[in-house]
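What follows is a set of notes on a single structure, which appears directly below.
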Amino acid sequence: MLELNKIYNMDCMDGMKKIDSNMIDCIITDPPYCIGTTSNGLTASWHDNNLVIPFFKELFSEWNRVLKNSSSIYINTDWRTYPFLYPLLYNYFTIKNCIVWDYEWIKAGSHYRFSHEFIIFAIKGEQKRKFSASERDVWRIKPINFTNKNPELHPTRKPDDLVRKMVLEGSTKGDVILDVFMGSGTTGIIAKQEGRNFIGFEIDESMFNVANRRIGETKYFRKLNVFDRYEKKT
């Protein structure tokens, strides 16, 4: 059994085996988008997913074991990785939405400039909606400005407001949130601020150390803001 509110510097597949069945209330995670992965480990076309498909099959099977019924799942992805994640996830969970994260900004792109990513929203078992019926599947939230050369800034770090929205709409206070690709610790920080528990895994030691420091500096309580309207009263 793993201790709550800690990040573990280990492979998530090894770590999840230490989590009790039906313990997790919500998964929020940002897996590698697997662009450029090939079966021989060399950098080439992202079309060859012979390595990553078996990994995600095993990952989703473990998620199914550790998640409670009525739990929520949010997976960050993009248009290149979404097509192979969807059918694998479909084998274990009910996929409810493909949320479009609109950057309200433009990033790099050789033809049309990239201005959005996807978030797969799925549930395990039956679940009553935990957020307002008026919520839309397009979320307009500005991304991190990666012109900042801070060496502790994870290259795919998601903005606090995006993660906070998932935390507040996918869980309630006291719930346990799992992030198997913790990166620099944003999911743990927001969980701590919002009165949730968390378990995280990060295999990169340098990012693990950054995440631990950032979470250690985070206070348990925050000032009220616009996201309070997402909190379901129980």
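The values are calculated or read from the model by the stated rules, or taken from the named source; none is laboratory data. Only a predicted model underlies this, so the values are computations on that prediction, with no experimental measurement involved. No Cβ is skipped: glycine too gets one built from the backbone with ideal geometry, and neighbour counts run over all protein chains shown.
Among the residues of the range 16-33, is there at least one that is surrounded by 15 or more Cβ atoms within 10 Å (Cβ to Cβ), more than 19 Å from residue 183 (Cα to Cα), modelled with pLDDT of 95 or more and acidic (Asp, Glu)?
yes
Kindly establish whether residue 158 is at pLDDT 90 or above and part of a loop (DSSP other than H, G, I, E, B).
yes
Which of the residues spanning the range 53-101 are among the basic types (Lys, Arg) and either modelled with pLDDT of 95 or more or buried (at least 22 other Cβ atoms within 10 Å of the Cβ) (or both)?
65, 68, 96
Those residues that are in contact with a Phe, Trp or Tyr (Cβ under 9 Å, 6 or more places away or on another chain) and in a loop (DSSP other than H, G, I, E, B), I need them from the range 186-217; list them, please.
194, 195, 202, 203
Would you be able to tell me the number of residues in the range 74-85 that are outside any strand (DSSP E or B) and touching a Ser or Thr at 6+ places or on another chain (Cβ under 9 Å)?
The total comes to 1.
Restricting attention to the range 102-128, and to residues there that are within 21 Å of residue 177 (Cα to Cα) and more than 19 Å from the chain's Cα centre (by Cα), which single residue is surrounded by the fewest Cβ atoms within 10 Å (Cβ to Cβ)?
It comes out as 128.
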